[in-house]
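Below is one structure, written out as structure tokens; comments come after it.
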Amino acid sequence: MSLSKLYPGHGDVIEDHVELISRRLVFHGERCAEITAILGEGAATAVDVAGRLWPAPIVRDQRTLTLWEVLDISTC
């Protein structure tokens, strides 16, 4: 879609959405690879995987966000 600016609900105005989407797709591909590698080492709970990806205070304070990030590997 040809857009010059996007105004998100929070954060800065986005002026190059194509580049932003490309970067985020790469990031999520890398995250999926990390999760896949962790699971390749053996069975693990979502909390175990989150604990390998983020420091304990983040997992503790942002549990829902970290668990959804781990559980949303269906996009891999």
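The values are calculated or read from the model by the stated rules, or taken from the named source; none is laboratory data. Everything numeric here is computed off the predicted structure, so don't read it as measured data. A quick note on method: Cβ atoms are made from the backbone with ideal geometry, for glycine too, and the neighbour counts reach across all protein chains shown. Each accessible area value is taken on the protein alone, full model and side chains, heavy atoms only, with ligands, DNA and RNA left out. Shrake-Rupley method; radii C 1.70, N 1.55, O 1.52, S 1.80 Å.
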**Item:** Answer residue from segment 30-76, given it is in a helix (DSSP H, G or I) and among the polar types (S, T, N, Q) and is least open to solvent (accessible area, probe 1.4 Å) among those
**Value:** T66
**Prompt:** Are any of the residues in segment 18-29 in a helix (DSSP H, G or I), closer than 14 Å to V70 by Cβ and hydrophobic (A, V, I, L, M, F, W, C)?
**Reply:** no
**Request:** Return only the number of the condition from (1) assigned to a loop (DSSP other than H, G, I, E, B); (2) within 26 Å of T66 (Cβ to Cβ) that L3 does not satisfy.
**Result:** (2)
